[in-house]
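> Got a structure here, written out as structure tokens. Questions coming.
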Amino acid sequence: MSDHKGQIVRATAGRDKEGIFCVMGVEKETGRLLLADGKRRRAAHPKAKKPRHVETLTQPDRPFDHPAIQKLKQGEPVSDRELRRALAAFKEGITLGER
């Protein structure tokens, strides 16, 4: 399984369906993705979700560059505020047609 940390995904199943999240990591035992959005799901307590229940919104050839995402990929802690701002910037890029 490739490194998913820092990817932006959309939930396709469950009560958080259609929500936009950032992948905080992967559970080693089960392979489930750990998702957080900084509001409903805090970075300290991410939601575990099966990879088949999410849709990846960022492509490997065009990653989303935001300082908070870069910090996450480097293994540094990311605050909920930084995470919310990164996801808001991503959503704004989608609505403006930049992505």
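Any read-out appearing in this document is the output of simple, stated calculations on the displayed coordinates, not a laboratory observation. Remember, it's a predicted structure, so these values are computed and weren't measured experimentally.
> For the chain, what is the calculated [θ] at 222 nm in deg cm²/dmol (nearest 500), taking -39500 (n - 2.57) for each run of four or more DSSP H residues and dividing by its residue count?
Here the helix-only value at 222 nm equals -7000 deg cm²/dmol.
> Then there's this: Percent relative contact order of the chain, based on C-alpha pairs within less than 8 angstrom and at least six residues apart?
Reported as a whole number, the value is 26 percent.
> Which of R42, R52, R85 moves most in a GNM of the chain, Cα contacts under 10 Å?
R52
> Take the Cα pairs of the range 8-95, get the Kirkwood Rh, then feed it into Stokes-Einstein at 20 °C and 1.002 mPa s and tell me D in µm²/s.
Translational D for this selection: 164 µm²/s.
> In a Gaussian network model over the chain where Cα atoms closer than 10 Å are linked, find which of R40, R15, R81 has the largest mean-square fluctuation.
R15
> May I pose another question? Quick one: Cα centre-to-centre distance for the range 75-95 and the range 22-39, in angstrom?
Value for the Cα centre distance between the two parts: 15 Å.
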